[in-house]
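Participant: Just dropping this structure here.
What follows draws every value from the coordinates through simple rules; no lab data is involved. Just so it is clear, the model here is predicted, and its values are computed rather than measured. When we count neighbours, we look across all protein chains shown, and the Cβ atoms used for this are built from the backbone with ideal geometry, even at glycine.
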Amino acid sequence: MAAPSMGGVMLPRGNGQTVRLPRGASLTDLAERINAEPAALVTALFHLGEMITATQSVNDETLQLLGAEIGWVIQVVSPEDEDRELLETFDLTFGDEEGDEDDWSSRPPVVTVMGHVDHGKTKLLDALRHANVQSKEAGGITQHIGAYQIVTELEHNERPITFIDTPGHESFTAMRARGAKVTDIVVLVVAADDGVMPQTVEALNHAQAAEVPIVVAVNKIDKEGANPAKIRQQLTEYGLVAEEYGGDTMFVDVSATTRQGLDELLTAILLTADASLDLRANTEQDPQGVVIEGKLDKGRGPVATVLVQRGTLRQGDSIVAGDAYGRVRSLLDEHGNKLKEALPARPVQVVGLTSVPRAGDTFLVVEEDRIARQIADRRQARIRNAQNASMRKRISLEDLDAALKETRQLNLIIKGDNSGTVEALEEALMKIEIDDEISLRVIHRGVGGITKSDIDLALADDVIVLGFNVRAEGQATELASREGVDVRYYTVIYQAIDEIEAALKGMLKPIYEEVQLGTAEVREVFRVPKIGNVAGSLVRSGTIVRNAKARLMRDGTVVADNLTVESLRRFKDDATEVREGYECGIGLGSFNDIKVDDVIETFEMREKPRD
Ligand code: GDP
């Protein structure tokens, strides 16, 4: 390979060869692939006008620009692409409906409720859950599993609707960001006594960006001051024009409290779905879908709520969900009933996975357990690599900079028994306010026990591992205690917050405060050869101690600070301290500007406990 010079550094030329890099790779990663020195790449990029350190992650365009310069074609592979390729090696694809369209059957719409905080999303979801014809029949209590299906009547047909029951927009966007398009219809909740608020607009933007039709639920119409017309008015500004005003968005006035308008809301959802969506799925193909929620159940082990998107999920299927795999041991609906199979748009709890997948992970059913396992293993390896890479980046130049600026960071890994508590804990911890000098960072979070790979990750830096309702598993316990990794277990959020707060305080630099030791008044100034001026003084208060810090005051102002009592004498003898009411000679080192009537204040700096 030719080795041309680039800004004085030798670089192997690619001659148009292709090199593949994962998105967010660093120059060090590229260097490894093309067998070059990272420093040479830093220099090359510098000559192209970009200052990037060897371990920083580089954006796609910059990588390609650099590639072109040194004769390599750089192909940036996104995690989604990587996963697609992984599946292709097993002759699998995710997301494509298979089969003859004529064989597809219609499926229920999947609805996500969004809106501003306190506008009644949770209450509305609860109210709708009880509007369920079927659950009344079953007499069962619905459990929270992250999604539920209810059945309503439209034109004498029983029509199911699936509601995603995870609060917050994050889950919607997180799933979308990961390519899992789950939601068919967004119900935008706006409180009639409040109006359009920032998160209303945010929700609206998310829905419009995803091209998901919106049904507006104008909630709390039972309240005094409720003004449903104002909501319609306000939303026209955002392109949502009510049908009664000639637009095509259905607005329904509801009260989650009095349950008024719920049937109308359900009807509006179905009508909107029928009018603008063709919701059909192939029930015959290999089942696929998305994980809505995952948790570790004390008795049953990992349990994932999944939404089947196509195909029919059955007991006994070999399944891979994210980096978890297993065989479907049982399928349970939101009432805890065992199901034999789950059709498209059915949310269902899957028991039988080896670990807990994350919300937004996709799942596939494959032919054999072995394939499920291989895919899961490969994904695990990839996640581990990405984590290691990001760890490497963290203990890099950037951190060195940070260290020099003396900002400090406490890193955490949070593991818990379900995604809700993990999120809640993370959120609560992030709210701890300490000081600008110190920051808290969650470098990894997940559902499930503390594994060996969590401890591996913790080893790379100062990391505290928090287990919320979970423990470290086998090898992990051993590794943690051998390597001295700080693993802490909690069952109460407040306790975790208190301890982390204390840990953060422990990292603060000490604060010192000045403590007065004694003052002395200058009565006479002596010139002592070789030493300089000595203040013949009378101690007015406290004690003057040799080597104490001092400042000189004249007429109430500070003449000099940062002085030290370098010599202290009583008559002809050296003294270590002289108390109030006694006379002494004080020498302030090379500082000679001492006058009669000056006051020498002495003090020491003591560490102050933080409160
Ligand atoms: P979220 O933050 O959007 O999930 O809002 P919540 O469902 O927690 O509701 C916020 C508050 O509004 C709670 O105190 C509810 O009881 C109350 N609320 C919700 N819907 C209604 C309603 O239709 N009428 C009245 N009067 N109060 C409601």
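Participant: Quick check on my link table: of Lys431/Lys505; Lys505/Lys608; Lys123/Lys295; Lys121/Lys223; Lys295/Lys340; Lys123/Lys223, which ones sit more than 19 Å apart, alpha carbon to alpha carbon?
Facilitator: Details: Lys431/Lys505 14 Å; Lys505/Lys608 13 Å; Lys123/Lys295 23 Å; Lys121/Lys223 16 Å; Lys295/Lys340 22 Å; Lys123/Lys223 15 Å.
Among Lys431/Lys505; Lys505/Lys608; Lys123/Lys295; Lys121/Lys223; Lys295/Lys340; Lys123/Lys223, the Cα-Cα distance tops 19 Å for Lys123/Lys295; Lys295/Lys340.
Participant: Label points 7 Å out from Cα along the Cβ direction at Ser276 and Ser106: separation in nm?
Facilitator: 1.8
Participant: Right, something else. Once each part is reduced to its C-alpha centroid, what is the distance from segment 241-292 to segment 30-67 in angstrom?
Facilitator: Using only Cα atoms, the two centres lie 50 Å from each other.
Participant: Still on this model: Multiply the residue separation of Ile493 and Glu583 by 0.36 nm, subtract the distance between their alpha-carbon atoms, and state the gained length in nm to one decimal. Please report the intermediate quantities before stating the final value.
Facilitator: Numbers: separation 90, 0.36 × 90 = 32.40 nm, distance 6.13 nm.
Value of the extension gain: 26.3 nm.
Participant: Can I ask one more? Apply 1/(1 + (r/R0)^6) to the Cβ-Cβ distance of Thr93 and Thr564, taking R0 = 60 Å, and write down the FRET efficiency to the nearest 0.05. Mind dumping the intermediate values first?
Facilitator: Working: r = 78 Å, r/R0 = 1.29.
Once the sixth-power term is evaluated, E becomes 0.20.
Participant: Continuing with the same structure: Contour minus end-to-end for His130 and Ile511, with contour as 0.36 nm per residue of separation and end-to-end as the Cα-Cα distance? List each step's numbers first, then the result.
Facilitator: Values: separation 381, 0.36 × 381 = 137.16 nm, distance 5.74 nm.
The span from His130 to Ile511 would gain 131.4 nm if fully extended.
Participant: What residues of segment 520-557 lie in the reach of a label at Thr576, counting those whose backbone N is under 15 Å from a point 7 Å from the Cα along Cα→Cβ?
Facilitator: Under cut-off, by backbone N: 544-548.
Participant: Among DSSP beta bridges whose residues both lie in the chain, state the antiparallel percentage, nearest 5.
Facilitator: On the way: 90 of 136 bridges.
In the chain, DSSP labels about 65 percent of beta bridges as antiparallel.
Participant: Summing +1 for each Lys or Arg and -1 for each Asp or Glu, what net charge is found among the other residues whose Cβ lies under 11 Å from the Cβ of Asp555?
Facilitator: Working: positive: Arg554, Lys595; negative: Asp597, Asp598.
Result for the local shell: 0.
Participant: Using per-residue counts of other Cβ atoms within 10 Å, averaged over each peptide, order 490-496, 423-429 from highest down.
Facilitator: On the way: 490-496: 14.4, 423-429: 16.7.
Packing proxy ranking, top to bottom: 423-429, 490-496.
Participant: For every other residue with a beta carbon closer than 11 angstrom to the beta carbon of Lys230, add +1 if it is Lys or Arg and -1 if Asp or Glu, then tell me the sum. Walk me through the intermediate numbers first.
Facilitator: Values: positive: Arg232; negative: Asp193, Asp194.
Local net charge: -1.
Participant: Right, another one. Roughly speaking, what is the centre-to-centre gap between segment 106-122 and segment 445-486 when only Cα atoms are used, to the nearest Å?
Facilitator: What the calculation gives is 37 Å, centre to centre.
Participant: Determine the sum of side-chain charges near Ser106: Lys and Arg each +1, Asp and Glu each -1, restricted to other residues whose C-beta is under 10 angstrom from that of Ser106.
Facilitator: Numbers: positive: Arg107, Arg159, Arg280; negative: Asp274, Asp278.
My count for the surroundings of Ser106 gives +1.
Participant: So how much slack lies between Glu521 and Ala39, counting 0.36 nm per residue of separation and subtracting their Cα-Cα distance, in nm?
Facilitator: Working: separation 482, 0.36 × 482 = 173.52 nm, distance 6.38 nm.
Full extension from Glu521 to Ala39 adds 167.1 nm.
Participant: Amide H to amide H, which residues 5 or more places from Val559 or on other chains are under 5 Å from it, using H placed in the peptide plane?
Facilitator: The list, which skips near neighbours in sequence, is Leu552, Met553, Arg554.
Participant: Also: Taking amide H positions as placed in the peptide plane 1.01 Å from N, state which residues far from Leu440 in sequence (5 or more) or on other chains have amide H under 5 Å from it.
Facilitator: When sequence neighbours closer than 5 places are left aside, the close amide H contacts are Leu410.
Participant: So what are the ³J(HN,Hα) numbers for segment 264-276, from phi and the Karplus equation (6.51, -1.76, 1.60; θ = phi - 60°), rounded to whole Hz, Gly and Pro as x?
Facilitator: With the stated coefficients, segment 264-276 comes to 4, 5, 4, 4, 4, 4, 5, 5, 5, 4, 5, 6, 10 Hz.
Participant: Suppose only helical runs count, i.e. DSSP H with n ≥ 4. What mean residue ellipticity at 222 nm does that imply for the chain under -39500 (n - 2.57) per run, divided by all residues and rounded to the nearest 500 deg cm²/dmol? Walk me through the numbers on the way to the answer.
Facilitator: Working: 16 runs with 179 residues, N = 611.
Helices in the chain give a 222 nm mean residue ellipticity of -9000 deg cm²/dmol.
Participant: Per residue of segment 244-252, in order, report the coupling 6.51 cos²θ - 1.76 cosθ + 1.60 (Karplus, θ = phi - 60°) as ³J(HN,Hα) in whole Hz, putting x for Gly and Pro.
Facilitator: Per residue, the Karplus-derived 3J(HN,Hα) values read 5, 9, x, x, 10, 9, 8, 10, 10 Hz.
Participant: Setting aside same-chain residues fewer than 8 positions from Lys220, which aspartates and glutamates have a Cα under 13 Å from its Cα?
Facilitator: Asp118, Asp193, Asp194, Asp253
Participant: May I ask you to evaluate 6.51 cos²θ - 1.76 cosθ + 1.60, the Karplus curve with θ = phi - 60°, for each residue of segment 63-70 and list the ³J(HN,Hα) values in order in whole Hz, giving x for glycine and proline?
Facilitator: Along segment 63-70, the couplings run 4, 5, 4, 5, x, 4, 5, 9 Hz.
Participant: Then there is this: Under a 5 Å amide H to amide H cut-off, with H placed in plane at 1.01 Å, what residues pair with Asp297 once short-range neighbours are removed?
Facilitator: For Asp297, whose amide H was placed from the backbone, the distant partners under 5 Å are Val303.
Participant: Could you tell me which residue out of Pro347, Gly448, Leu412 lies farthest along the dipole of the chain toward its positive end? Charges go on the beta carbon: Lys and Arg +1, Asp and Glu -1, centred on the Cα centre.
Facilitator: Of the listed residues, the answer is Leu412.
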